[in-house]
1. Going highest first, how would you order 49-56, 142-149 by mean Cβ packing within 10 Å?
2. Given the chain, what count of lysine pairs have C-alpha atoms under 14 Å apart, with each pair 8 or more places apart or on different chains?
3. Tell me which chymotrypsin sites (Phe, Trp or Tyr not before Pro) from segment 62-91 have a DSSP coil assignment and no more than 15 other beta carbons within 10 Å of their own.
4. Collect residues whose amide H, placed 1.01 Å from N in the peptide plane, falls under 5 Å from the amide H of N205; neighbours closer than 5 in sequence don't count.
5. Considering amide H positions built from the backbone, and no H for Pro or chain starts, which residues 5 or more places from Y80, or on another chain, come under 5 Å of its amide H?
6. At 10 °C and 1.306 mPa s, what whole-number value in µm²/s does Stokes-Einstein give for the translational diffusion of segment 53-201, with Rh from the Kirkwood sum over Cα pairs?
7. Taking θ = phi - 60°, what integer Hz values does the Karplus form 6.51 cos²θ - 1.76 cosθ + 1.60 yield along segment 194-203, in sequence order, with x for Gly and Pro?
8. Among C136, G83, G119, whose Cα sits farthest toward the positive end of the charge dipole of the chain (+1 at Cβ of Lys/Arg, -1 at Cβ of Asp/Glu, about the Cα centre)?
Amino acid sequence: MKKIFTVLMSAALFFANESNAQIQFGTGVNLGWGDAAGISYIGSNYTSDSVGVWTDDYVYGSYGEGLNGGLLLRARICDYGQGELNIGGFKGRKHTFTDHEDYGFGSVYDQTETAGACGWDLEPMIRLHTKSEGNCNFYARQGMCFGIGIKNTITGHSSSTYGQNSSSVTDWKEIEKGKLALGYTGELGMAYTPNDNWEFDFGINY
């Protein structure tokens with residue numbers, strides 16, 4: 001399965017529950033959009049005609065592009081840091097590839113193939129932040145990323161015509177499953193805290 005690289009622009013909302021003066025626990029949700037940070041060849045759009053003229057337009061991208069989101073759990077470990085656990089997932093946008101071949105004498109082959117990836121991730125992280133007197137602070141978080149249940153679903157449709165009186169149509173579906181993936185996650189951003197119970201984080205995650 002192709003490697004997945006994304007840059008995630010995320011917005012997270014936290015609700016903090018202060019159990020005593022020393023320990024704070026928080027829960028939140030995050031939502032963002034992933035864009036390709038590293039791109040690779042994932043397919044092509046191919047055409048050829050009956051006289052041997054052909055084109056093959058390569059398609060580059062990342063199967064990790066698309067919607068990302070999850071649930072965040074947070075525990076305070078010091079005045080400037082927290083331990084966090086993100087339980088989330090992604091739904092990558094679909095990529096489409098075409099193949100059109102004209103052999104002449106009424107013989108034509110057409111194929112359309114669509115591929116899209118999705119999966120879950122588990123991210124234990126450490127978050128460090130500034131502590132100014134205002135409502136806005138900067139933060140940085142980093143940790144490990146475990147990819148779980150990542151799969152790429154491929155669907156296809158093809159049609160073949162042989163002269164005037166013969167044709168065939170084929171549809172198929174294929175699922176590529178990835179193994180447990182281990183990686184790094186990091187984020188830089190700004191936190192807005194209007195009061196003691198709410199916090200809004202806006203950051204860029206890799």
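1. On the way: 49-56: 10.4, 142-149: 15.5.
Per-residue mean Cβ counts within 10 Å order the peptides as 142-149, 49-56.
2. Count of close lysine pairs: 12.
3. Working: sites: Y63, Y80, F90; in loops: Y63, Y80.
Sites meeting the loop and neighbour criteria: Y80.
4. Hits under the 5 Å cutoff: L8, M9, S10.
5. Those qualifying (amide H under 5 Å, at least 5 residues apart or on another chain) number zero.
6. Roughly 82 µm²/s, to the nearest whole number.
7. x, 7, 6, 9, 10, 8, 10, 10, 10, x
8. G83
Read the figures in this text as sums done on the coordinates, not as results from a lab. Everything numeric in this text was worked out from a predicted model, so none of it was measured. So basically every Cβ, Gly included, is an ideal-geometry build from the backbone, and we count neighbours across all protein chains shown.
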